[in-house]
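The values are calculated or read from the model by the stated rules, or taken from the named source; none is laboratory data. Predicted, not measured: the structure shown is a model, and the values here were computed from it. Cβ placement follows ideal geometry from the backbone for every residue including glycine, while neighbour counts extend to all protein chains displayed.
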Amino acid sequence: METASELAVRLTKASRKKLWDVYNTFNWPDALQKDAWYMPPELISLYGTPVYDALNEEQRKSLSLYELGNFFSLVLQGERPLVQGLVHRLYAKGNTVPVNEYLHHFVDEENKHMVMFGEFCNRYVGKVYPEKKITLSREYAKGEEEVAFYCKVMVVEELGDYYNLAIEKDERVDALVREINKVHHVDEARHLAFGRVQLAELFERYSPDWSADTLAGFRQWLADYLRASWGDYYNPTMYRDAGLADAYELRQLAMSHPAGVEFRKLASAKIVAYFIKTGLLAEEPSL
Amino acid sequence: MSEVTCTMQESEIRTKLRNWIVKHTKAASKTAFTDETHILEEGILSSLDIVEFVLFIESLRGEDVDTDDIEPQVFTSINTLYAAFFTQVT
């Protein structure tokens, strides 16, 4: 099997071939296309619930803009600690030259994504939605923090990529929105390829020395992290911005509704299968 | 279904905070939980639970919480939570 270092050589070559300039790639129009969708209806967090059914098309399309703004914001917010972590790992002891070279591209591309999402949200949604996370320090077993870091990378990117792919293909969606999702997907495909191999190598290297309690605790954390990451897609502020009442209750409704549960299961299938195959999870988590 | 605002009495807010924590904790013992219990130190809630808890607090306050301005110590106990999020607005 190809190592992360061998893979990094190919990915660096691809990143250089597809190098792009975030400041000159998009023509930012004064306004988005009227009457278009911004998030495809099937990806709207309330889709399939009675509340969604009761909205008229204008309300649904308005909600789709705030859903998209929330999606871009949560990816941007997820990329902030990702870049921080990648920079921390640049030239770390034990890195090969090809891995360092690729990490430079990884950081560069993630930074461009944040520029792109920030520009879109500020122009058309009026803000970047803040995150609600509180960082608490904790003790880790040897290598556990490394493994957890790449798990977080994989979760934010795999879930995001499910949306990117669906949005870029959807002809009902505004052209600029589709373009942004396409650009993001092309870079993310490389990041995910690297993350998959790098994470599997780290887990194989460190987890054999973890106690049974550490491994069980780690798996519990990972399942909880995946669940919590999905929670970000049901942002009460986004519902309020779309003019919907009882925003917190809407979040509870959408998250617990069978349509939402089924959607999260479908959209998480790829990342969950990877986690189970590598042993990072022992079983499918409830989402 | 209506969003709760801070016209609630202190005792009602404290009860709602307590009930939310008891419902969501994975900790084994729920009976000894009081307004002084250390929520994070004793593992009553995890950092991942806090995101959900902040959204619940926002629904009680009727306005968003800016977590950039919050120190983790705010989540020490029901007493510190009440002081940080509800004393200025009632």
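Structure summary
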quantity	calculated
Pairs, first without any contact (Cβ under 8 Å) to a residue 12 or more places away in the chain and basic (Lys, Arg) in segment A:169-182, second surrounded by 13 or more Cβ atoms within 10 Å (Cβ to Cβ) and part of a loop (DSSP other than H, G, I, E, B), C-beta under 8 Å, six or more apart	A:178/A:170
Criterion: in a helix (DSSP H, G or I) and surrounded by fewer than 21 Cβ atoms within 10 Å (Cβ to Cβ) - qualifying residue of A:99, A:75, A:51, A:128	A:51
Matching option when the condition is among the hydroxyl-bearing types (Ser, Thr, Tyr) and under 26 Å from residue A:69 (Cα atoms), among A:286, A:229	A:229
Unique residue being of a type outside the set (A, V, I, L, M), surrounded by fewer than 17 Cβ atoms within 10 Å (Cβ to Cβ) and closer than 20 Å to residue A:229 by Cα when the list is A:67, A:42	A:42
Condition check for residue A:1: in contact with a strand residue (DSSP E or B) (Cβ under 9 Å, 6 or more places away or on another chain) and in a loop (DSSP other than H, G, I, E, B)	no
Residue that is loosely packed, with under 15 Cβ neighbours inside 10 Å and aliphatic (A, V, I, L, M), where the choices are A:200, A:189, A:269	A:269
Residues (among the β-branched types (Val, Ile, Thr) and facing chain A (nearest Cβ under 7 Å)) located in segment B:49-64	B:50, B:51, B:54
Any hit, segment A:133-150, residues being in contact (Cβ under 8 Å) with a residue 60 or more places away in the chain and closer than 24 Å to residue A:24 by Cβ	no
Of residues in segment A:119-172 being among the small types (Gly, Ala, Ser) and within 14 Å of residue A:70 (Cβ to Cβ), the one nearest to the other protein chains (Cβ to nearest Cβ)	A:126
Within segment A:214-240, considering residues that are of a type in the set (Phe, Trp, Tyr) and within 22 Å of residue A:63 (Cα to Cα), the one surrounded by the fewest Cβ atoms within 10 Å (Cβ to Cβ)	A:230
Test: residue in segment B:23-32 that is surrounded by 13 or more Cβ atoms within 10 Å (Cβ to Cβ) and within 16 Å of residue A:248 (Cβ to Cβ)	yes
Output for segment A:132-158, where each listed residue is among the acidic types (Asp, Glu) and surrounded by 18 or more Cβ atoms within 10 Å (Cβ to Cβ)	A:144, A:146, A:157, A:158
Boolean, residue B:86 is at the interface with another protein chain (Cβ under 10 Å from one of its Cβ atoms), modelled with pLDDT of 85 or more and under 11 Å from the mean Cα position of the chain (by Cα)	no
